[in-house]
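Asker: First, the structure itself, so that you have it in front of you.
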Amino acid sequence: MIYAAEPGTYQYRLENMFSWNVDAPLYSSLLVMLIVLILAIVLGAMARSGYKKKTYLQRPHGFLFFGEMYYGICDNFVATRMGYTRRSYTGYFMCLFAYLFLSFIWGVTGLPSIIDWLAAPLTLSIIMFILIQYNAIKTNHWHYFHRFIEPFAIFLPINLLTMWTPIISTAMRMLGNALSGTIIIGLVQWALSNASSAILSSLSTSGWTSIFLAPIPMGILNIYFSLFSGFVQTLVFATLSALWIAQEMPAEDDPALSEAPRAVVENKEA
């Protein structure tokens, strides 16, 4: 006799992975990715249109101005954390910043939250891990595998375990920070609801008495945990990703003569 898996278990999810009955945060994540994709297409079309009209040397206006400013911020982030010659990663960090920050503040829309869904931070951490190992193999070639037996071959099991540290540490930190904010907001809302009902229930029988004290404190908490904390966590994850990826790349010989500070060198020559 074959028993059906219970809903909510991993066996049930595996059996129904190709059905539409998936977790609600997945649809929120797909919606955020769609928003990022649309913004990228619109900005790319506007920039390409300006290039064809030969107006790319003029000061940008409107939406394109913010797009170029965002690109400059991400490009400077990559140049300062990874090196001036590693600016090919600017596009990756532009997508990472946009997706991760929108995921942190997505709960404000009233739709299912993304970042406190384990699959989201875990997937981002796995992508970071793949980039780290890819650059390590690309730089060291076959010597890459020698790191697992350093300083002695007996350390092979320990080195194999510590290799997965970036995935576990970054995923659990993001998930923990997101869940802690959600739990604190829930507890404060419950306390304010009970306090409001206790104070105003004798004055009115309408349902609004249970939320009378909640709007201002809840608004402040949502701004803090969604905007400020989301920005901090996005910056921390991106910084760790940049540093861990850059440390597996060859060292720059002379960053002062690289592509980014070319204008400084030209000024000195002039």
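The values are calculated or read from the model by the stated rules, or taken from the named source; none is laboratory data. Just so it is clear, the structure is predicted and the values come from calculations on it, not from any experiment. Here Cβ is always computed from backbone atoms with ideal geometry, including for glycine, and neighbour counts include all displayed protein chains. Only protein heavy atoms, including side chains, enter the accessible area calculation; ligands, DNA and RNA are left aside. Shrake-Rupley method; radii C 1.70, N 1.55, O 1.52, S 1.80 Å.
Asker: With respect to the numbered conditions (1) in contact with a Phe, Trp or Tyr (Cβ under 7 Å, 6 or more places away or on another chain); (2) at pLDDT 85 or above, which one is the sole condition not fulfilled by G176?
Answerer: Result: G176 fails condition (1) only.
Asker: Need the failing condition index for Y144 against (1) of a type in the set (S, T, Y); (2) open to solvent by less than 70 Å² (accessible area, probe 1.4 Å); (3) under 17 Å from T165 (Cα atoms); (4) without any contact (Cβ under 8 Å) to a residue 24 or more places away in the chain, just the number.
Answerer: With (1) of a type in the set (S, T, Y); (2) open to solvent by less than 70 Å² (accessible area, probe 1.4 Å); (3) under 17 Å from T165 (Cα atoms); (4) without any contact (Cβ under 8 Å) to a residue 24 or more places away in the chain applied to Y144, the lone miss is (3).
Asker: Among the residues of the stretch 39-48, is any of a type in the set (A, V, I, L, M, F, W, C), under 22 Å from M174 (Cβ atoms) and either at pLDDT 80 or above or in a helix (DSSP H, G or I) (or both)?
Answerer: no
Asker: Something else now. T165 versus (1) at pLDDT 80 or above; (2) under 28 Å from T239 (Cβ atoms); (3) in contact with a helix residue (DSSP H, G or I) (Cβ under 9 Å, 6 or more places away or on another chain): which is the lone unmet condition?
Answerer: For T165, the failing item is (3).
Asker: Filter the stretch 215-270 down to residues that are at pLDDT below 80, part of a loop (DSSP other than H, G, I, E, B) and open to solvent by 60 Å² or more (accessible area, probe 1.4 Å), then give me how many there are.
Answerer: Looking only at that region, the number is 6.
Asker: Another question, if that's okay. H143 fails exactly one of the following numbered conditions: (1) under 14 Å from the mean Cα position of the chain (by Cα); (2) over 18 Å from L96 (Cβ atoms). What is the number of that condition?
Answerer: The number of the failed condition is (1).
Asker: Still on this structure, please answer the following. Any residue in the stretch 49-62 that is at positive phi and surrounded by fewer than 18 Cβ atoms within 10 Å (Cβ to Cβ)?
Answerer: Taking every residue of the stretch 49-62 in turn, at least one turns out to be at positive phi and surrounded by fewer than 18 Cβ atoms within 10 Å (Cβ to Cβ).
Asker: Right, T139: open to solvent by 70 Å² or more (accessible area, probe 1.4 Å) and polar (S, T, N, Q) or not?
Answerer: No: the conditions fail for T139.
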